[in-house]
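Down below is the structure, laid out as structure tokens.
The values are calculated or read from the model by the stated rules, or taken from the named source; none is laboratory data. Note that the coordinates shown come from a computational prediction; the quantities given were computed from them, not determined experimentally. Positions of Cβ are backbone-derived with ideal geometry, glycine not excepted, and every protein chain shown enters the neighbour counts. Calculation scope for accessible area: heavy atoms of the full protein, side chains included, ligands and nucleic acids excluded. Shrake-Rupley method; radii C 1.70, N 1.55, O 1.52, S 1.80 Å.
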Amino acid sequence: MQVTFFDTEESWCRMLPISYTRPVAEVRIGILKISEKWSKALDNQSYSFYSQHYLTPLFKRPELKSLFIKGSLLPDDNLINMMKELSHNEVLVFNEELIAGFFEPDEPIRTDGRKTIEVAEVTEVKYPWNIFRLNGLEIKSDFETLTSGRTSQKLQDTHTRTYGKDIFIEEGAQIKAATLNAENGPIYIGKGAELREGSLIRGPFAVCEHSVVNMGAKIRGDTTIGPYSKVGGEVSNSIIQGYSNKGHDGFLGNSVLGEWCNLGADTNNSNLKNNYTNVKMWNFETGGFKDTGLQFCGLIMGDHSKCGINTMFNTGTTVGISANIFGAGFQKTNIPSFAWGGAPRFTTYLAKKAFEAADLVMERKKKKLTEADKSVLSHIFEMTSKHRTWEK
């Protein structure tokens with residue numbers, strides 16, 4: 001069965017800035033990306049995406065009739081069964097919105113006389129802060145999916161202390177003199193990952209393939225370190241999508257980092273307001289700040305963004321794509337894409353310069369900035385110019 005993950009204009013816009021560079025289904029939450037969760041649930045390895053047209057160079061569109069699934073939905077047993085039983089003249093609907101059905105490529109995603117089947121309840125990653133809010137539950141779910149019927153590699157290091165049973169170590173992982181506490185949730189150590197001396201880990205926690213937890217790191221629960229990343233300092237309830245570094249001391253809490261990000265030494269983010277009221281974050285859909293309904297809410301940073309040493313991010317800060325941030329004092333809570341500078345003054349980080357930096361960064365992890373990457377980033381540069389108010 002062919003599967004296509006689709007975004008509506010609203011579902012894609014609400015997930016900015018994380019969705020600037022990917023369809024929503026390519027967001028990592030728990031251990032796996034949303035698309036990977038569905039692929040395993042439906043036993044299907046072939047899938048495509050129907051999202052913003054400028055993303056097509058990186059994420060292929062469907063070529064055949066396929067089952068379209070809204071990309072922000074997380075699978076559960078009931079929804080999986082309904083997808084498997086769905087016929088070609090039926091669609092699934094939640095709150096009067098179509099969430100699944102069979103469609104031809106470029107066919108309008110509408111009910112069009114098909115029989116509608118109401119779904120009573122779904123779990124949706126609707127806003128970027130939902131990623132860290134739901135992450136602990138998704139780590140537990142993905143842990144069961146990935147480890148069921150399999151045997152963990154044995155822990156070789158006699159100086160590592162473990163608590164709890166749900167600790168799974170993939171092939172090639174290295175652990176030395178660490179403390180792993182899985183009493184409150186599972187701990188997943190990906191293939192070739194490395195936990196260095198003195199790292200303190202509490203579950204639920206996942207570190208994906210070939211990532212490194214530095215010496216003396218303190219990682220609290222509900223945290224995911226995506227592949228090929230490096231993490232140090234103190235981290236709590238945060239998700240790194242992959243290929244990013246927070247290698248030094250400093251605090252990251254209730255936050256989401258995209259890919260190819262770097263936080264300078266002693267970077268800290270606030271995740272709780274002094275008056276303990278709900279945190280508001282920038283909402284790209286409305287062009288204003290939205291109450292998240294959360295008391296703890298930190299930093300949302302898009303792909304390819306960086307910050308200098310001792311950077312201080314305020315509670316509920318949003319950073320766009322390819323921003324380069326530095327300077328003293330708390331930063332603004334909404335920093336546009338391709339911004340260069342800090343709180344006193346920003347200028348524009350020209351696309352050509354951003355490409356040069358991205359090429360060097362990706363080369364360090366044996367990746368290359370492709371023409372397709374440049375096409376996507378160039379489009380984002382143009383479409384986000386309206387947010388760089390200093391250009392006007």
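Annotations
- Residues that are buried (at least 19 other Cβ atoms within 10 Å of the Cβ) and under 15 Å from Lys306 (Cα atoms) within the range 263-279 comprise Leu263, Thr267, Asn268, Asn269, listed in sequence order.
- Subset of the range 24-44 that is out of contact with any helix residue (DSSP H, G or I) (no Cβ under 6 Å at 6 or more places or on another chain) and over 24 Å from Ser375 (Cα atoms) - its residue that is surrounded by the most Cβ atoms within 10 Å (Cβ to Cβ): Trp38
- Residue ID - nearest to Gly287 (Cα to Cα), chosen from residues in the range 303-343 that are hydroxyl-bearing (Ser, Thr, Tyr) and open to solvent by 10 Å² or more (accessible area, probe 1.4 Å): Thr333
- Index of the failed condition, Ile300 passing every other in (1) touching a Pro at 6+ places or on another chain (Cβ under 6 Å); (2) loosely packed, with under 14 Cβ neighbours inside 10 Å: (2)
- Qualifying residue in the range 123-135 (condition: touching a residue at least 24 places away in the same chain (Cβ under 8 Å) and either among the small types (Gly, Ala, Ser) or within 19 Å of Asn44 (Cβ to Cβ) (or both)): no
- Flag if Phe49 is aromatic (Phe, Trp, Tyr), outside any loop (DSSP other than H, G, I, E, B) and surrounded by 16 or more Cβ atoms within 10 Å (Cβ to Cβ): yes
- Qualifying residues in the range 214-244 (those that are open to solvent by 30 Å² or more (accessible area, probe 1.4 Å) and under 21 Å from Ile29 (Cα atoms)) - the one nearest to the chain's Cα centre (by Cα): Tyr243
- Single residue of the range 248-259 satisfying the filter (more than 10 Å from the chain's Cα centre (by Cα) and open to solvent by 20 Å² or more (accessible area, probe 1.4 Å)) that is nearest to Ala193 (Cα to Cα): His248
- Failed item in (1) without any contact (Cβ under 8 Å) to a residue 12 or more places away in the chain; (2) of a type outside the set (S, T, N, Q); (3) surrounded by 24 or more Cβ atoms within 10 Å (Cβ to Cβ), with Gly288 passing the rest: (3)
- Every condition in (1) over 24 Å from the mean Cα position of the chain (by Cα); (2) open to solvent by less than 20 Å² (accessible area, probe 1.4 Å) is met by Ile99 except one, and the failing one is (1).
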